[in-house]
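Following: one structure in structure tokens, then a few remarks.
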Amino acid sequence: MKSFGFLSFGHYGRGTGPYDPDAGRALREAIEIAQGADEIGVNGAYFRVHHFARQAASPMPLLSAIAATTSRIEVGTGVIDMR
């Protein structure tokens, strides 16, 4: 296989319901998923940007954390949702 990546759909609830993760948890889970993907040889991790969603309104800190903790995976934004 030459390359394989994923586009994260993430959690975009208000963060107030019993199953809605808060922003910190959502970001930690995204980093863990990317680290696991890097370990199994996935080449790309792309994240949606949901403006006005606490969990994913600013992708650069998330992408920076993933880049700092992985060795081979390419990171970027896949969809910029401007509602």
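The criterion of being among the basic types (Lys, Arg), surrounded by 11 or more Cβ atoms within 10 Å (Cβ to Cβ) and modelled with pLDDT of 85 or more does not hold for Arg54. Is it the case, given these coordinates, that Arg25 is open to solvent by 60 Å² or more (accessible area, probe 1.4 Å), part of a loop (DSSP other than H, G, I, E, B) and modelled with pLDDT of 75 or more? Judged against the criteria, Arg25 is not a match. The condition of being surrounded by fewer than 11 Cβ atoms within 10 Å (Cβ to Cβ), more than 12 Å from the chain's Cα centre (by Cα) and either modelled with pLDDT under 85 or not hydroxyl-bearing (Ser, Thr, Tyr) (or both) holds for only one of Pro18, Pro61, that being Pro18.
The values are calculated or read from the model by the stated rules, or taken from the named source; none is laboratory data. Everything numeric here is computed off the predicted structure, so don't read it as measured data. Cβ atoms come from the backbone with ideal geometry, glycine included; neighbour counts cover every protein chain shown. Remember, those area values only see protein heavy atoms, side chains included, never the ligands or the DNA or RNA. Shrake-Rupley method; radii C 1.70, N 1.55, O 1.52, S 1.80 Å.
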